[in-house]
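Please treat every number below as a calculation from the coordinates, not as lab data. Everything numeric in this text was worked out from a predicted model, so none of it was measured. Glycine gets a Cβ as well: all are built from the backbone with ideal geometry, and neighbour counts include every protein chain shown.
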């Protein structure tokens, strides 16, 4: 065998070895990711079990809370109405709807689904922790330092969004939709599935929306989002935020829409500050 053929054979064996090593590394990463996801699922199941065990309190005080006139949000609205003379319509005195079940296993399914929802919300910070543990080894020292506190800030924003979504967005939406009628001949008989889906969507959706600063931070680190771009598109962002506020709170009340949109404006401005700081740090690293 000639030296040229021998060299080609050796190079082919080396390339094959590198590809096998890369393939093994890929499957090793999948295995690590699988265990992170398994631990996250276990945490969610544990919280789900706790919610299932204390379901009487959760159903009466949390799930059905926005349906009751003594809900915290409605009481605050009545106090504001009295103090600032906002009118009787601003004070919630009745929630004109009945919750019904139309499926044989509807109430059992309700308990399972709502317990799972509570488990996901309570287990979300731990899920973020497992995600951070998975991506942390792949980061450089500077990236780890700049991303320090990721789990805390992401969890804080999510919890803040969930609370805002539950006490403000959900309460205002339930109040408006329950008391909205096109005819006195039609009564609002709401299925429990529809009610739970609305509460879950508005609450979880707002929690995810509040992760905007974290998303902007990641995009800024990747060089995709810049503060200059965000400042130049601020007017369009304001219009989009007002549209989102109008959709998730289908009320003709301007005060209600502004109440929902105000935190989104703050989040957008905070995202600009974060993007500017990331860009400034990147310029320092390049010098």
Can you compute the modelled spin-label distance between residue 62 and residue 50, with each label point 7 Å from Cα toward Cβ, in nm? 1.0
Over the chain, what is the relative contact order in percent, taking alpha-carbon pairs closer than 8 angstrom and at least six residues apart? 20
Starting from the Cα-Cα distance between residue 160 and residue 240, subtract it from 0.36 nm times their residue separation and give me the gain in nm to one decimal. 26.7 nm
Over the stretch 129-230, what per residue volume does the convex hull of the Cα atoms give, in whole Å³? 136
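Using 1/(1 + (r/R0)^6) with R0 = 25 angstrom and r between the beta carbons of residue 39 and residue 224, what's the FRET efficiency to the nearest 0.05?
0.25
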Debye log10 I(q)/I(0) at q = 0.18, 0.19, 0.22 Å⁻¹ for the stretch 163-287, Cα point scatterers: -0.96, -1.03, -1.22
Residue 233 to residue 179: extension gain in nm, 0.36 nm per residue of separation minus the Cα-Cα distance? 15.7 nm
Which whole-number value in Å³ per residue fits the convex hull of the alpha carbons of the stretch 67-115? 83
If I model a spin label at residue 69 and residue 94 as a point 7 Å from the Cα along the Cα→Cβ vector, what separation in nanometres do I get? 0.8
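Helix-only mean residue ellipticity at 222 nm, the chain, DSSP H runs n ≥ 4 weighted -39,500 (n - 2.57), per residue, nearest 500. What is it?
My calculation for the chain gives -24500 deg cm²/dmol from helical runs alone.
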Take residue 104 and residue 198, extend 7 Å from each Cα along the Cα→Cβ direction, and tell me the distance between the two endpoints in nm. 2.9
Prolate/oblate/rounded label for the stretch 3-210 (Cα gyration tensor, a/c 1.5): prolate
Rh (Kirkwood, all Cα-Cα pairs) for the stretch 73-192, Å, reads 18.5
